[in-house]
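In what follows, a structure is listed as structure tokens, so that the remarks can point back to it.
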There are 2 protein chains.
Amino acid sequence: MSGTDGCLVKCSLFPCASAENDTKDTSPTIVLDHGDPTMYESYWRKMGHKCDITFSGDDSLSYFANGKSLCWFLESKLEEQITRLHNVVGNAIVDDHYIVVGTGSSQLVQAALYALSPSDQLEPISVVSATPFYSAYPDVTDFVRSGLHKWGGDAKTFEKYGPYIELITSPNNPDGVIREPIVNGDQGKLIFDLAYYWPQYTAITLPANHDVMLFTISKCTGHAGSRIGWALVKDKEVARKMTKFMEISTIGVSKEAQLRAAKILEVVSNSCLDFTLKNFFEYSQSLMTDRWQRLRQVVTDNDLFVIQNYPPQYCLFTKDLCESHPAFAWLISKGGEEEDCEKLLKEHKIQTRSGRRFGSDSRNVRISMLSRDEDFNIFLKRLMVIQGSTNRT
Amino acid sequence: MSGTDGCLVKCSLFPCASAENDTKDTSPTIVLDHGDPTMYESYWRKMGHKCDITFSGDDSLSYFANGKSLCWFLESKLEEQITRLHNVVGNAIVDDHYIVVGTGSSQLVQAALYALSPSDQLEPISVVSATPFYSAYPDVTDFVRSGLHKWGGDAKTFEKYGPYIELITSPNNPDGVIREPIVNGDQGKLIFDLAYYWPQYTAITLPANHDVMLFTISKCTGHAGSRIGWALVKDKEVARKMTKFMEISTIGVSKEAQLRAAKILEVVSNSCLDFTLKNFFEYSQSLMTDRWQRLRQVVTDNDLFVIQNYPPQYCLFTKDLCESHPAFAWLISKGGEEEDCEKLLKEHKIQTRSGRRFGSDSRNVRISMLSRDEDFNIFLKRLMVIQGSTNRT
């Protein structure tokens, strides 16, 4: 879910079309507000026909998949490739979990909330996450005014007595920090959103093994258009309720998207094991490393912003010390408390998302690091210009 | 939505696997409970490679579609083919409507409820539909205990003073009857579920032209596994709110499913215009006519059941008088009020859906007419056996 994009709800749907142009420069605003993972296109283009998948007219007519999974609409090929990839990467324990597929992990967050909310209570259960939290969580929790659950805000200030659900995004969206549960109350239920727990973003320090873990192909391989996410769920009854949510909500998940996702994940696993192929994670980690180095250089060169530092950690996948290279940069203005960093960057035709949307303040913005090269280059160029025009020295 | 399958929620997900066998016959129960449209496979198989569509690794990575539609995730190819097919068939006015795509029409029902529910009221708006109504409507309205809307039951007994939303399924699921609004209050908002308003099921008597109309590829062409539905919406603000629902719920709709649906709809339109191709609707109408004739013969030959008759109407598409051949048979037992028709048929290894699920009573059952040939043939054979074993003469 953190791999998805809540900005779409509140901001312009077609930012390029609605981009504001100043009088000096008629080029459009660079949109780094949402995390559209188009950066990965270059890898997939280089793979040629290795990932091609063809559907005939008589394929996949039924609502049902052919597998024997508890999740009756889960294609067995996808189940197999999800299991294989987690085993290859070592980022999650799959074996004693049920797999539930969703239309992106957004839907799985809702399914998990549905499954974990008590159905015998008059009052909705509180859903919390530590600030800065993924900006879509409040909307996803409250948009239909559910009587099952309600948004409870910052986990750091939540009163731990009583039942609650805590969303733990790790690495965190927006700031890339590795997270643990915050509330630690007796009656808490935990949802781990692990959309970014892949080697291109962070060191794989151990296979995650929680009760409910969410992943999405959007941020793993860049195929956001497919809308495929999956949950690894320990408890059978929770998995069953999540499946039921998906039944009522959308009667399952597109078979074409599932089968294509299976193909893509298969190629990613192959690329990690077959030395004649370009390792997907090495390739994408290298791109991210380059982008982060260049961004840090620009930020260092000016006197306006700070960005988070991440301690290097030993990665079990790359078998090396790795720095984190998150999918988003969490930029903090050095200005005073009244600084509006989003506004400042927008004046320079860089569209970002204000820290206010993440339960933080307007000195922060979240910036996508996953755009196409040309957009990323223009972004850095414009960031340098800000430095020049507002030089405080 | 009526093209989908609420049974999945409450009954066994893998009915074949859990089928009960009696001591005489070890063959599995025939599942005609849900409307899985596998009947159409034979047509698509005959079309060979005409519907093939191939996706490469670098296709459709973005959340966004390339079109300029208000519905920012709608693929322009799908928009084009939806418009074309409605124009070819003449079953709906598209031109002055916005198109919103959904993950099946289930999701669009929820999106329409979200968009039409007042957001400034303390009490949820009542959602009603005349009995027998599609069995999934109550669940879809109430499953997350929304504070925006609540299930209000039978439209026929609904008090017309005050605001409400009425779901009008036409032809109706389960009974195939052509429907009009029932409540006709001053403050009603109407959602027309037209999943079955296609020539194989009923005469196209005029192009529908309502404020909110829902369609699904599941029951139009049989591609239920794709999970593609669409809404035709007159009011821009309603279309915008439905799009927003889809953003929060699933951040759009799978691009693979949309593009494949576009291809399938293109071939269907072509088949209606190109005389060298087998017309899809003629083919499927012919199959349905045959099945209905055989079912009526069995029902006439025994003294246990009644099925609905439908008056022939002039069809603007076929340019001929057409009888209706609904996707479901609504079978009514001639037994007394205490008759449990679902139980009776289950004893003969035919799994159907009880009338109770549709707000009706246990003398009725809904039976899918869209199964594969072999299952339909076994169904008729077993229905004949019931006649034999319970002969009242």
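The values are calculated or read from the model by the stated rules, or taken from the named source; none is laboratory data. Here the structure is a predicted model, which is why all the values come from computation and not from measurement. Every residue, glycine among them, receives a Cβ derived from its backbone with ideal geometry; neighbour counts consider all protein chains shown.
Every residue in the stretch B:315-353 that is charged (D, E, K, R) and buried (at least 20 other Cβ atoms within 10 Å of the Cβ), please.
Matches in the stretch B:315-353: B:E342, B:K349, B:R353.
Could you tell me whether A:T157 is of a type outside the set (F, W, Y), more than 11 Å from chain B (Cβ to nearest Cβ), more than 18 Å from the chain's Cα centre (by Cα) and farther than 25 Å from B:T141 by Cβ?
yes
For the subset of the stretch A:79-116 comprising residues that are more than 19 Å from A:S254 (Cα to Cα) and among the small types (G, A, S), which member is surrounded by the fewest Cβ atoms within 10 Å (Cβ to Cβ)?
Applying the filter and picking the extreme gives A:G90.
Determine, yes or no, whether A:L295 is of a type outside the set (V, I, T) and within 23 Å of A:N172 (Cβ to Cβ).
Considered against the rule, which asks whether it is of a type outside the set (V, I, T) and within 23 Å of A:N172 (Cβ to Cβ), A:L295 comes out as yes.
I need every pair where a residue in the stretch A:228-244 that is in contact (Cβ under 8 Å) with a residue 12 or more places away in the chain has its Cβ under 7 Å from the Cβ of a residue that is surrounded by fewer than 24 Cβ atoms within 10 Å (Cβ to Cβ) and among the charged types (D, E, K, R), sequence separation at least 6 or different chains.
A:K234/A:D96; A:K234/A:D211; A:D235/A:D211
Of the residues that sit in the stretch A:266-287 and are assigned to a helix (DSSP H, G or I) and charged (D, E, K, R), which one is surrounded by the most Cβ atoms within 10 Å (Cβ to Cβ)?
A:E266
Looking at (1) crowded, with 24+ Cβ neighbours inside 10 Å; (2) assigned to a helix (DSSP H, G or I), can you tell me which one B:V253 breaks?
Here B:V253 meets the rest and fails (2).
Here is a list: B:K241, B:K263, B:K234. Which entry is surrounded by fewer than 23 Cβ atoms within 10 Å (Cβ to Cβ) and either touching a strand residue (DSSP E or B) at 6+ places or on another chain (Cβ under 6 Å) or not assigned by TED's automatic domain parsing to the domain that holds B:P207 (or both)?
B:K263 is the lone residue from the list that is surrounded by fewer than 23 Cβ atoms within 10 Å (Cβ to Cβ) and either touching a strand residue (DSSP E or B) at 6+ places or on another chain (Cβ under 6 Å) or not assigned by TED's automatic domain parsing to the domain that holds B:P207 (or both).
Test each condition in (1) without any contact (Cβ under 8 Å) to a residue 60 or more places away in the chain; (2) more than 14 Å from chain A (Cβ to nearest Cβ); (3) surrounded by 19 or more Cβ atoms within 10 Å (Cβ to Cβ) for B:D290 and report the one that comes out false.
Answer for B:D290: the failing condition is (3).
Among all residue pairs at least 6 apart or on different chains, which show Cβ distances below 7 Å where the first residue, located in the stretch B:119-141, is under 16 Å from A:F245 (Cα atoms) and the second is of a type in the set (D, E, K, R) and at pLDDT below 95?
Filtered contacts from the stretch B:119-141: no entries.
Only residues that are surrounded by 13 or more Cβ atoms within 10 Å (Cβ to Cβ) and charged (D, E, K, R): list them for the stretch B:293-305, please.
Listed by number, the residues that qualify are B:R294, B:R296.
Note down all Cβ pairs under 6 Å where the first residue falls in the stretch A:73-87 and is assigned by TED's automatic domain parsing to the domain that holds A:V267 and outside any helix (DSSP H, G or I), the second is acidic (D, E) and at pLDDT 95 or above, and they're at least six residues apart or on different chains.
Correct list of pairs: empty, since none qualify.
From (1) within 7 Å of another protein chain (Cβ to nearest Cβ); (2) under 26 Å from the mean Cα position of the chain (by Cα), pick out the condition that doesn't hold for B:K77.
Of everything listed in (1) within 7 Å of another protein chain (Cβ to nearest Cβ); (2) under 26 Å from the mean Cα position of the chain (by Cα), B:K77 misses just condition (1).
Quick one: which of B:G153, B:G162 is on the phi > 0 side of the Ramachandran plot, surrounded by fewer than 23 Cβ atoms within 10 Å (Cβ to Cβ) and assigned to a loop (DSSP other than H, G, I, E, B)?
Criteria check complete, one pass: B:G162.
Determine which single condition A:F328 fails, assuming it passes every other condition in (1) assigned by TED's automatic domain parsing to the domain that holds A:F73; (2) touching a strand residue (DSSP E or B) at 6+ places or on another chain (Cβ under 8 Å); (3) farther than 21 Å from A:H86 by Cα.
Result: A:F328 passes all but (1).
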